[in-house]
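Q: Sending over a structure as structure tokens; questions will come in a sec.
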Amino acid sequence: MYQDLREFITLVEKRGELRRIADADPQFEIGGITEVAAGLPECPALLFERLRGFAPGFRIFTNATNTPQRAALALGIDPNLRPLDALKAWMKKRQTLMPQRPVAVRSAPFLKNSFRDGAIDLTKLPAPYWHRKDGGPFIGSGSLVVMRDPDDGWINASIYRVQVHGRKKATIQFDHEGRHGAIIAKKYWDKGQACPVAVVNGEDPALFVAGFEYLPAGQSEYDFAGAIRGMPIEVVPGPLTNLPLPARAEIILEGEILPSVQETLPEGPFGEFTGYYAADKRPCPVMEVKGIHFRDDPILLGSPPMKPPRFHFGLPLRAASIWSNLDAVGVTDVVGVWQHVAQLMTVVAIRQRYAGHAKRAALIAAANSYMARLIVVVDDDVDPSNLGEVLWAITTRCEPSEQIDIVRDAWSSALDPRIPAEQKLAGATSHSKAIIDACCPFAWKDKYPPTSSLTQDEAKMIESRWGLALKGLP
């Protein structure tokens, strides 16, 4: 398995899924190219080289894990599996993961180029303006923010967005006060201290996945990433912060987050995964950068939010969690769960056993679907990962007057563009969810007109025998 981002890029290129782009401008152009490419059927990964306006050698890698195949590759799963089978494989692997504590090594490639004091200049790093109305350049769209809890010493390494503000300052957006990063920073501030921090740019995909995982306090993303890879993450102590830093990362910023009472800077706006802007500029904690380190020819991993259905990860890991929730509460015969439109639509496929089976599954899925307005339940002959098949089931099996229910005051977010601004200011961030039963009516499902299509198993057999020929491969 890969050991760093460069090895992952090599694997992607061997699969024929990498496109090299030269002479693009980090101000709007790279973000635009990334979005257009993400909308193509093949959704290639992009390695931008010879960046306009920046020193030779700097590179940016985008669309790293946007397809099911590359997401599987990142998770150490067979990338040739069908999407739903890959998600099943991840669920099985997830249940047996053994945490791998990081191991300390003596040297790191990123220390080959190191700058401190007057030599620090963030503007020399290729931080893109990803969207046309963004409030500034964001070096951190897929970067880890590494911090140490001052009470028990555990290391948090989550992904938060990082905006550049001139030569020596950046802002780190923690989303809300309940995130581990915000809690740790406040512990330092309450003691009248700045919070030591490092921003890791260009980490390997296992660390990228771990940075998005909602782990309990006290569990480090480093241990989880090591479990995904089946080998420990190698770390070195940061020269300035003494924080353990991934030895094979590409670009690292070290410094400290100043107490909010001392200084804030206006952060944002920034395009969100919903395809909208959720807020204007707002005060944000400031990172005072004390050191910059990077490898020769460094690569920034960029993962900007884009308008759905584009999403940063090609396998819906939250759908896997919903699937596990359904299993845990005894909803039997769930054959698949998927999310579309960047997790704003949840689809559950079941083998109906009793009247109310579909509604039971739907209500549990709805309760666990963050921001999703549409919850759809389909029969087991429908692949929930195939939106075309899901729409076919809705349009041929759902009678709207009988099979659509509305759940009000349900789980959403301040990122929801449909919630009025005045409600958000009052803290009201709930919405309604439509539950669509797109299953054959249970009372007469055995008399429902038979389908003319292949079964899922028949389609798999055809693919296994003729798939290469259909793709034009020997």
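Q: So who's got an amide H within less than 5 Å of the one on Val197, skipping anything under 5 residues away but keeping other chains? H placed 1.01 Å off N, in plane.
A: Amide H to amide H, under 5 Å and 5 or more residues apart or across chains, Val197 pairs with Gly255, Glu256, Ile257.
Q: Taking Cα centroids, how far is the range 1-55 from the range 307-364 in Å?
A: So the two Cα centres are separated by 32 Å.
Q: For Arg229, Arg20, what's the largest-to-smallest order of accessible area, 1.4 Å probe? Provide the component values of the computation, followed by the final result.
A: Details: Arg229 20, Arg20 115 Å².
Heavy-atom accessible area, descending, gives Arg20, Arg229.
Q: How much solvent-accessible surface does Leu470 expose, in Å² to the nearest 10, with a 1.4 Å probe and all protein chains in place?
A: For Leu470, the solvent-accessible surface is approximately 140 Å².
Q: Taking amide H atoms as placed 1.01 Å from N in the peptide plane, list the residues 5 or more away in sequence, or in a different chain, whose amide H sits under 5 Å from that of Arg19.
A: The list, which skips near neighbours in sequence, is Ala45, Leu46, Leu47.
Q: Follow-up question, since we're still on this one. Give the accessible surface of the range 37-86 per residue, rounded to a whole number of Å², with probe radius 1.4 Å and ligands, DNA and RNA excluded.
A: In whole numbers, the range 37-86 has 36 Å² accessible per residue.
Q: Then there's this: Would you tell me the accessible area of His176, worked out with a 1.4 angstrom probe on the heavy atoms of the protein chains, in Å² to the nearest 10?
A: Here the accessible area works out near 110 Å².
Q: Which one, Phe270, Gln193, Ile159, projects farthest toward the positive side of the charge dipole computed for the chain from Cβ point charges (K/R +1, D/E -1)?
A: It is Gln193, whose Cα lies furthest towards the positive end.
Q: If you average 1/r across every pair of different Cα atoms in the chain and take the reciprocal, what Kirkwood value do you get, in Å? Can you show the working numbers first?
A: Details: mean 1/r = 0.0423 Å⁻¹.
Kirkwood hydrodynamic radius for the chain: 23.6 Å.
Q: Right, another one. Which whole-angstrom value gives the distance between the alpha carbon centres of the range 429-444 and the range 185-254?
A: 41 Å
Q: Follow-up question, since we're still on this one. Got a number for carbon plus sulfur as a percent of the range 38-179's accessible area, 1.4 Å probe? Can you show the working numbers first?
A: Details: 3210 of 6410 Å².
On the range 38-179, the fraction of accessible area on carbon and sulfur atoms equals 50 percent.
Q: For a test of the definition: using alpha carbon positions, the gyration tensor, and the 1.5 limit on a/c, classify the range 120-233 as rounded, prolate or oblate.
A: oblate
Q: While we're on this one: Could you sort 136-143, 96-103, 235-242 so that the peptide with the highest average Cβ count within 10 Å comes first and the rest follow in order? List each step's numbers first, then the result.
A: On the way: 136-143: 24.0, 96-103: 13.1, 235-242: 18.1.
Highest to lowest by the protection proxy: 136-143, 235-242, 96-103.
Q: Among DSSP bridges having both ends in the range 1-154, what percentage is antiparallel? Round to the nearest 5.
A: DSSP beta bridges in the range 1-154 are roughly 35 percent antiparallel.
Q: Considering the options Ile77, Phe8, Ala55, tell which one lies farthest towards the positive end of the dipole of the range 1-89, charges being +1 on Lys and Arg and -1 on Asp and Glu at the Cβ, about the Cα centre.
A: Ile77
Q: Once you charge only the Cβ atoms, +1 for Lys and Arg and -1 for Asp and Glu, what is the size of the charge dipole of the range 1-46 about its Cα centre, to the nearest 20 debye?
A: 200 debye
Q: Got a sec? What order do Lys93, Lys359 fall in by accessible area at 1.4 Å, biggest, i.e. largest, first? Mind dumping the intermediate values first?
A: Details: Lys93 50, Lys359 85 Å².
From most accessible down to least: Lys359, Lys93.
Q: Run lengths n ≥ 4 of DSSP H only: what is the helix-derived mean residue ellipticity at 222 nm for the chain, with -39500 (n - 2.57) per run over all residues, to the nearest 500?
A: -8000 deg cm²/dmol
Q: Of the trypsin sites (Lys or Arg not before Pro) in the range 361-445, which ones lie in a loop per DSSP and count no more than 13 other C-beta atoms within 10 Å?
A: Here the sparse-neighbourhood loop sites are Arg418.
Q: Please report, as a whole percent, how much of the solvent-accessible surface of the range 375-474 comes from carbon and sulfur atoms (probe radius 1.4 Å). Could you put the intermediate results ahead of the total?
A: Details: 3770 of 6550 Å².
Its accessible area is 58 percent carbon and sulfur atoms.
Q: What does the charge add up to near Ser107, with Lys and Arg as +1, Asp and Glu as -1, over the other residues with Cβ less than 15 Å from its Cβ? If you can, show how the numbers build up before the last one.
A: Details: positive: Arg106, Lys112, Arg248, Arg295; negative: Asp4, Glu234, Asp296.
Around Ser107, the charge tally is +1.
Q: In the chain, what percentage of the DSSP-assigned beta bridges are antiparallel, given to the nearest 5?
A: Looking only at bridges with both residues in the chain, the antiparallel portion is about 70 percent.
Q: Next question. When only the heavy atoms of the protein chains count and the probe is 1.4 Å, how do Ser260, Ser220 rank by accessible area, highest first?
A: Values: Ser260 55, Ser220 15 Å².
The most accessible residue leads, giving Ser260, Ser220.
The values are calculated or read from the model by the stated rules, or taken from the named source; none is laboratory data. Computed from a predicted model, the values in this text were never measured in an experiment. Positions of Cβ are generated from backbone atoms using ideal geometry, with glycine treated the same way; all protein chains shown enter the neighbour counts. Please note that ligands, DNA and RNA were not included when accessible areas were found on the heavy atoms of the full protein model with its side chains. Shrake-Rupley method; radii C 1.70, N 1.55, O 1.52, S 1.80 Å.
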